[in-house]
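Have a look at the structure below, then the notes.
A short reminder: the numbers here are calculations on the coordinates, not readings from a lab. On a predicted model such as this, the values are computed, not experimentally measured, just so you know. Quick reminder, even Gly has a Cβ in these numbers, built from the backbone with ideal geometry, and neighbours come from all protein chains shown.
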Amino acid sequence: MSQALVQRLQSELDQLWLVDPHTHINPLQAPSRTLADILGYHYYTELAHSAGIPREQIEEPGLSPRDKVGRIVPGLAAIENTVQHSWLLEICRDLFGFEHDRIHESNWERLYDQSLAILASPGWEREILQRSRLTGVFLTNDFDDPLAGFDTSFYIPCLRTDDLVFRLSQPETRQRFRQATGGEAWEVDSLREGIRKLFAHFLSHNARACAISLPPDFAPAAVSSSVVEPLLGALRHGRPLSASEQGILSRFVFWSLAEECAEAHLPFDLMIGVNRRVYPAGVYQGQDLFDSRCSLSAYAGLFNAFPRVTFPVSVLAHGVNQELVSYAWIFPNVVTSSHWWYSNIPAYIEPDLRARLQAVPQTKQIGYYSDMYKLEFAKPKFGMFRRVLARVLAEDFVMGRGWSETSAVALGKTILCDNTERIFPRRGPGRGT
Amino acid sequence: MSQALVQRLQSELDQLWLVDPHTHINPLQAPSRTLADILGYHYYTELAHSAGIPREQIEEPGLSPRDKVGRIVPGLAAIENTVQHSWLLEICRDLFGFEHDRIHESNWERLYDQSLAILASPGWEREILQRSRLTGVFLTNDFDDPLAGFDTSFYIPCLRTDDLVFRLSQPETRQRFRQATGGEAWEVDSLREGIRKLFAHFLSHNARACAISLPPDFAPAAVSSSVVEPLLGALRHGRPLSASEQGILSRFVFWSLAEECAEAHLPFDLMIGVNRRVYPAGVYQGQDLFDSRCSLSAYAGLFNAFPRVTFPVSVLAHGVNQELVSYAWIFPNVVTSSHWWYSNIPAYIEPDLRARLQAVPQTKQIGYYSDMYKLEFAKPKFGMFRRVLARVLAEDFVMGRGWSETSAVALGKTILCDNTERIFPRRGPGRGT
Amino acid sequence: MSQALVQRLQSELDQLWLVDPHTHINPLQAPSRTLADILGYHYYTELAHSAGIPREQIEEPGLSPRDKVGRIVPGLAAIENTVQHSWLLEICRDLFGFEHDRIHESNWERLYDQSLAILASPGWEREILQRSRLTGVFLTNDFDDPLAGFDTSFYIPCLRTDDLVFRLSQPETRQRFRQATGGEAWEVDSLREGIRKLFAHFLSHNARACAISLPPDFAPAAVSSSVVEPLLGALRHGRPLSASEQGILSRFVFWSLAEECAEAHLPFDLMIGVNRRVYPAGVYQGQDLFDSRCSLSAYAGLFNAFPRVTFPVSVLAHGVNQELVSYAWIFPNVVTSSHWWYSNIPAYIEPDLRARLQAVPQTKQIGYYSDMYKLEFAKPKFGMFRRVLARVLAEDFVMGRGWSETSAVALGKTILCDNTERIFPRRGPGRGT
């Protein structure tokens, strides 16, 4: 494959401005404050921990940001091979003027000071957004987020519903539900009414998606109100639910959310396959894994029941990508969505992307989201995807099928930029809900 | 990888004449009559539907062929990236003199007229067969197909048995069975006798394979007659079977077919992994999917029980390919067979083929079948496979292992051409059954 | 990708001396005695059998080595495409001066004689070790192996425990246990005491690992002594165990082994996923397969319970590699280990290696073991791996991430050489156990 061709395509793709359709950005503090916000990203803490740094050292309460960085740096040598480390180096070089190949115990303090000056400079947020060519950033908002204090046309709210579906039986979730909706969830009617209020709140603040992450054994199904009513009653009287009752309640709430999405014309992002707290002694956010024995078969009923709801689907296991491709190939309302977490490395992005580009309508693919917690990560993460995308476009389309470079770049733009606007349409005053 | 090398290998492979060992060709009307036969291929209708064209528009009763094409064309823009679309373009350019990059609303009518003239020209069937370098075409025949009116030495009958195995309890299937065999299937003996007659009928018409497609959860097993007898009795008295009884009957009929294959020295094509009607609102033939949680473990007992039956196995899920490679690697009677349906895109053909060529005896691999409904598709589909094959031969054998180009092409010929004759031998008058 | 770059990296990797961390070498007869030891490797017998040579011909009792080779040679033509055949050719060319492209019925006898002279030459063991650049070879020792008669600092004992875990209820295993430990296994206490003695025996002979192969449905769990005591009692009284009781006993012994590994600071090699005797009519060692529906989820409890035990994990199914990558990415005590058996072909090594190098700390990857039975196979098998490794280092690190060639080779050395010493440390007199 011609490297020059790949580079030409990549430099075209690098010019594109785009909306990042899934992040964990806190819009009130979007950039990093110190290098600790960057090295504290779970990829570095979990990899450094996996390579031998005790969790207690990394997460010692009361550590200053500088000390935290000092604790993680000794773990970097062992993870220099990882692609996540390459994001870190790219950030340090491109943003902080770092000029070495390695961050180690005798050069990190200077890097810390350099980065501190830059991160604290006025206008940094605007500058990092410019450099990252971002025209919008989707958020991940708790259902009781006030969505106040930021520009929702740029930092776009997204209703994250894991708590509602999986933790509604917990008193603190119910307390938050009460405060957010002004009502109780003691009956099916009031629960549904509350959910409607949450949707109304989010829609009135420019929300463009509902989202949830799901374990590999979740199986959506319609549940009748009469089955759920006694469960809510039990909760009201303080009786805890059995695991199977909890499962029924989860399916009911999940299905109700899908109904609201249909009502509100809101896409429902499904992030399928995560098992939580598989390694409970791991660092914060470094405890979850997956089970590759997972199938979209469990979702066929959902896709059939809600033909008007668009489901952008992310799968955690590379082994499920072919099912995702095939579901998106025949179901009009299933859309492929990015490369999630353990599948977000070039070794899996490349084969998964190749299959999608060969068999899913181009209008039904969300190329990439960053999943970032801090703005500095958009550039290296999208950069990684653009490199893979350029390779696949070069090999399969320009060389393999004789496409012009212009057409290949247009295909790249469709999945990187245009589809986000198409699939999560902005809601102008004229659209209503 | 040297592009020139790949091209040299490919042009050698392009010269080969071959038998297509699995198609859905109607031998009484093998070529397309109009462009609607081409654009009506489920790949285009399902992808266009997935991209937004309502099924009702595509499948409106009474549509003329020209109108049907006019309904599908607006959906093509969204699927230009797919490899299936590349087959379409190749057909239109190579066969119909189409000279544009895209088929769209202002050029399709001219294309329609051009193609109509060509498809209606005398000798088109012979010409398309010549251009496709086909020396034989396997069919997919219902068990009650009279197999009359065509040259069975070219259009080779293949006994497709899905109806017998999965729908024998349905009155219409039993009615067809009665008409085809002259007997009832009210007892085990008469059922078996009928099956024997079907085999005799097919063998006397040059059939070279028995075939079936199977759901991912099917598990073949021997079932004793005494267990089945009461089920057939129930059917005789009009009592419907439960799902589990139906499963028993299916396993019994399936096992009986394997016994007949052993008797008749007929290979038994297994196409493993399809779930039917997962998306019932989809277009015709665009409703089926699969579950990647599928394993050949369920077939080990069958392969052990019938050492003299050759089982060419196709798997729908890419994730099952390694099992297929490994089963064919140690079981003498398991043969790898082509790249089926959702796995029939270069993104999956290439890794699957690579593994097969590295670990399965070359004599036990059926490289490719087209699965086509109309003759015009043989060339682009085999062409796609030949391109991938040329790449793998170039990279793994010529460059990776120092093979001569001649040896590499010979390996390609073995799996593309020779093995079909070896694995599905022609039955001369001297062979009997 | 530049071939010259790949070759430069490969020739650097070819220079490295290393310890082979898993083999089935018999240290009392480590090299092949005749070509029959080479052609008798199960890869050739099983592939030749799969291609049509009857097992009875290959395994006829009383065959001389020369006759055995003569029986297998006719099967080689059909398997020339396999990578296993390429190992054979490489051995014959590099070691025995064979100059043809093919071993066939008219040249094998000369090859046999040439190889006999070389294999019988004095100093051959030393020479083949030198040529293979081996500085140590891990063995696979039965629990009752006396470990006598060889240099355990070079041929490194490894306690293989399949018999203890899965066959302790068989009289012959119990008899061997009695002889090896001097005690019975009629109670939990005496069973544990015996296991401790086995560990002490192995540790005093420089053992550096405990190891086991496991079926895909095995699920480790702690089992209380009070549940196991009656099972051992039943065995004492000659009552056979049910399958579920056998499963409990297996889990108990397995967990006890992990406890001893913790005590002894011994890594516990897990080789996960093999189903034994799936094809019982197959040749010796050519009867086992796997089920790709296998998940490391079943091992999470084990990894959590033994944070101080290092678990080098091999998976038989390529489809489990992403789980292995992800487990090793966050669990400090999970290490990726080589490319096992049905996954030991470049088609699977390359994607599996690529993912590991991109996402697992470099210190936690055992690049490769040969799994060989005879020393002559180290060179071609490691050679195959080095070629793939050079490709991945060239493509992903030098070209993809701008690493220097020196750094890329250093990464290769880390996973090929250094990690074996790091993960299976030598036990000097000062270390104790």
Average Cα contact separation per residue, chain A, under 8 Å, 6 or more apart, as relative contact order %: 20
Rounded, prolate or oblate (a/c below 1.5 giving rounded, otherwise prolate when a/b exceeds b/c) for the protein assembly as shown by Cα gyration tensor: rounded
Pair B:Gln285, C:Ala243: separation of 7 Å Cα→Cβ label points (nm): 4.2
Cut-off 11 Å, label 7 Å out along Cα→Cβ of B:Asp113, residues of region B:67-98 by amide N: none
Ranked list, fewest to most other Cβ atoms within 10 Å of each Cβ, for B:Arg401, B:Arg354: B:Arg401, B:Arg354
Ranking of A:Glu12, B:Glu260, C:Glu172 by count of other Cβ atoms within 10 Å, fewest first: C:Glu172, A:Glu12, B:Glu260
Three-way shape call for chain C based on the alpha-carbon gyration tensor, with the a/c threshold at 1.5: oblate
Residue among B:Pro122, B:Pro157, B:Pro61 with the largest mean-square fluctuation in a Gaussian network model of chain B, springs linking Cα atoms under 10 Å: B:Pro61
Radius of gyration and maximum dimension Dmax of region B:335-379, Cα, Å: 11.4, 34
Inter-centroid distance (Cα atoms) of region B:213-257 relative to region C:9-27, Å: 55
Overall form of region A:305-424 per C-alpha gyration tensor (a/c, 1.5; a/b vs b/c): rounded
Cβ-based charge dipole, chain B, positive-most Cα from B:Pro21, B:Met384, B:Ala264: B:Ala264
Candidate lysines - alpha carbon under 23 Å from B:Lys364, same-chain residues fewer than 8 apart omitted: B:Lys381, B:Lys413
DSSP-defined beta bridges in chain B - what % are antiparallel, rounded to 5: 10
Spin-label model distance (nm) - A:Asn304 vs C:Ala305, 7 Å beyond Cα toward Cβ: 4.2
For B:397-407, mean number of other protein chain Cβ atoms within 10 Å: 3
C:Arg93 versus C:Ser64: modelled label distance in nm, points set 7 Å from Cα along the beta carbon direction: 3.1
Peptide A:306-319, shielding by other chains (average Cβ, 10 Å cutoff): 2
Sorted by Cβ density within 10 Å, fewest first, the residues B:Ile103, C:Ile423: C:Ile423, B:Ile103
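Could you order peptides A:236-244, A:326-334, B:106-114 by the average number of other Cβ atoms within 10 Å of their residues, highest first? Walk me through the numbers on the way to the answer.
Working: A:236-244: 10.0, A:326-334: 25.1, B:106-114: 15.6.
The packing order, highest mean first, is A:326-334, B:106-114, A:236-244.
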Distribution of pairwise C-alpha distances over region C:164-216, 10 Å bins, in %: 23, 51, 26, 1
Axial C-alpha extent at least 30 Å, average Kyte-Doolittle at least -1.0 - helices from chain C (DSSP): C:243-264
For A:Gln114, label point 7 Å along C-beta direction: distances to other copies, nm: 6.0, 6.0
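Return the percentage of antiparallel bridges among DSSP beta bridges fully within the protein assembly as shown, rounded to the nearest 5 %.
Taking every DSSP beta bridge within the protein assembly as shown, about 10 percent pair in antiparallel fashion.
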Region A:86-121 versus region B:278-340: alpha-carbon centroid distance in Å: 53
Length-normalised contact order for region B:266-403 - Cα pairs under 8 Å, 6+ apart - percent: 19
